[in-house]
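Colleague: Quick one: this structure, given as structure tokens, is what I'll be asking you about.
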Amino acid sequence: MPDVVIVGAGIVGAATAYYLAEAGARVEVLEATDIATGATAASFAVDVSRVKTPRLLYDLAVAGTREHEALEGAWGAAPWLHRAPTLEWAYATEGRARLRERVARLRSWGYPAEWVSRGEARDVEPALALSGSAPEEIALFPQGTWYEPTVLAGALLDRAQTRGARLHVHDSVTAMETVQGHITVVRTATGRRISADVVINCAGPDAAKLAALAGTRLPLRRVPGLVATTTSNRTRLGTILHAGDLNVRPDGDGRLVLHSWVQDAGLDLYPESGDRVDKAQRLLHQARTMLPGLADAEVQEGRVGVRPVPPDGMPLVGFTADVDNLYVVVSHSAVHMAPLLGRLVARELTLGREDRLEPFRPTRLQGDDEHEPLDESARNMLAMVTAASKGPAHGR
Ligand SMILES: Cc1cc2nc3c(=O)[nH]c(=O)nc-3n(C[C@H](O)[C@H](O)[C@H](O)COP(=O)(O)OP(=O)(O)OC[C@H]3O[C@@H](n4cnc5c(N)ncnc54)[C@H](O)[C@@H]3O)c2cc1C
């Protein structure tokens, strides 16, 4: 069994640690801050299967859903997992056409999707008050899920530790000594020096910085996003809503989480707290127009996270070309994907090459930073953020 050092204790590092420890590997996890405080803590955190393309990535996402369910089965409970139907509509003509195309494609792929009228949408979600500008055609995806990623990351790491994994928080990896393309020692801020058969880069949005410490390049886009959490309120939302550019989901205890692509546009990587509060207030204002129960709600928190987005939008999983024992696990939409990726990575490192990971090797992107995203949702995200940053936009 390999000795493994995992750098990063977000959802990806936590899942990778859990499955490797389960498989019998010796695991040390090094985390610069605390567990699940990076992108994982600022995620909208819903099942992303309905937006993923090409077919290869969609299939991976659907398998990602199954993996959360498998964990639920294995552990006998899943306090991080909340099933809720998803309602989605677009206001602009182009956005409606894209949604129609997507619903048709998803149906042809066997994913449950149907059209409902505004009245039927209200039956599904009584908290909704749709204005005249909402279209008559609303997509209903009965199998939505939202996750509590910090709860899942904590549970994965607790279980990894009961299987012998060692977790060191507030200890950043500051250097990696390499000899002829092989990491011999990982050094940390507190003076640890650790040797391992494999070093796994689970540093999320900082994965390129970490790779640079070992003398290799990892092409990665960093796309900041803001989620606002409301105070507890009367809305009692039972669905996940994607209304033009506005996304809303429940967050337990009567709170809601709000996100908007347009608000993300031009978002600074390290916004002033005033800017963060301002954007969060605008989200709440926007959400109130369709959810009257939010009338008395306030913004509890506006949190900014940075999405790690490989240039082609597909996960990066595997050994790097220049450093033979540096293994990367980085993905956008990784709250959804982490349990599956973690399990496949553990199988690969303990049992041998995992065919399902072949299409996602980091070596595919050698010297190719300007790759057009193959994943339509990543393409749309980048287009929306870029377009909206050039001027006002009015939904998809
Ligand atoms: C606004 C927003 C909305 C999103 N919506 C969704 C969604 O709906 N569904 C979905 O599945 N995903 C979504 N995502 C993406 C998802 O949140 C990320 O893909 C996922 O959280 C990445 O997890 P991670 O563990 O790779 O990174 P992180 O959670 O950032 O963890 C990386 C960890 O590495 C540590 N680290 C970095 N460098 C070092 C070092 N040198 N030494 C030690 N530790 C180090 C960091 O401190 C950090 O804790 C969203 C993200 C954002 C920001």
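Colleague: Taking the Cα-to-Cβ direction at Glu272 and at Arg187 and moving 7 Å from each Cα, how far apart do the two end points lie in nm?
Modeller: So the two model labels end up 3.9 nm from each other.
Colleague: Tabulate in residue order the Karplus-calculated ³J(HN,Hα) for the range 313-321, using 6.51 cos²θ - 1.76 cosθ + 1.60 with θ = phi - 60°, rounded to whole Hz; enter x for Gly and Pro.
Modeller: x, 9, x, 10, 9, x, 6, 7, 6
Colleague: What number comes out for accessible area per residue over the range 18-65 if the probe is 1.4 Å? Units Å², please.
Modeller: Per-residue accessible area for the range 18-65 comes out at 31 Å².
Colleague: When the accessible area of the chain is split by element with a 1.4 Å probe, what percent falls to carbon and sulfur?
Modeller: Of the solvent-accessible surface of the chain, carbon and sulfur hold 49 percent.
Colleague: If you average the C-alpha positions of the range 258-292 and of the range 319-375 separately, how far apart do those two centres end up, in angstrom?
Modeller: 33 Å
Colleague: Largest first and in whole Å, what are the equivalent-ellipsoid semi-axes of the range 221-307 based on the Cα gyration tensor, each being the root of 5 times an eigenvalue?
Modeller: Values for the range 221-307, descending: 22, 13, 11 Å.
Colleague: Still on this structure: Under a plain spin-label model, where a point goes 7 Å from the Cα along Cα-to-Cβ, how far apart in nm are Asp322 and Asp197?
Modeller: So the label points at Asp322 and Asp197 sit 2.6 nm apart.
Colleague: Could you point to the residue in Gly302, Thr190, Leu167 farthest towards the positive end of the chain's charge dipole, with +1 and -1 charges on the Cβ of Lys/Arg and Asp/Glu respectively?
Modeller: Gly302
Colleague: OK, next. Kindly report the accessible area of the range 226-277 per residue (heavy atoms of protein chains, probe 1.4 Å, no ligands, DNA or RNA), in Å².
Modeller: Value returned for the range 226-277: 36 Å² of accessible area per residue.
Colleague: Calculate the translational D of the chain in whole µm² s⁻¹ from Stokes-Einstein, where the hydrodynamic radius comes from the Kirkwood formula applied to all Cα pairs, the temperature is 10 °C and the viscosity 1.306 mPa s.
Modeller: 74 µm²/s
Colleague: By how many nm would the segment from Thr289 to Ala70 grow when fully extended, if each residue of separation counts as 0.36 nm and the alpha-carbon distance is taken off?
Modeller: Computed gain between Thr289 and Ala70 is 75.0 nm.
Colleague: Separate question: Count neighbours as other Cβ atoms within 10 Å of each site's Cβ, and list the GluC sites (Glu not before Pro) in the range 232-316 that are DSSP loop with at most 10 such neighbours.
Modeller: Sites meeting the loop and neighbour criteria: Glu272.
Colleague: Measuring from label point to label point, each 7 Å out along Cα→Cβ, what is the Asp3 to Gln161 span in nm?
Modeller: 2.2 nm
Colleague: What relative contact order, as a whole-number percentage, does the chain give when Cα pairs under 8 Å and 6 or more residues apart are counted?
Modeller: Contact order relative to length: 25 percent.
Colleague: Sticking with this one: Using 0.36 nm per residue, how much length does the chain from Ala104 to Glu358 gain when fully extended, once their Cα-Cα distance is taken away?
Modeller: Contour length minus Cα-Cα distance gives 88.6 nm.
The values are calculated or read from the model by the stated rules, or taken from the named source; none is laboratory data. Computed from a predicted model, the values in this text were never measured in an experiment. Every residue, glycine among them, receives a Cβ derived from its backbone with ideal geometry; neighbour counts consider all protein chains shown. These area figures cover heavy atoms from the full protein model, side chains too; ligands, DNA and RNA do not enter into them. Shrake-Rupley method; radii C 1.70, N 1.55, O 1.52, S 1.80 Å.
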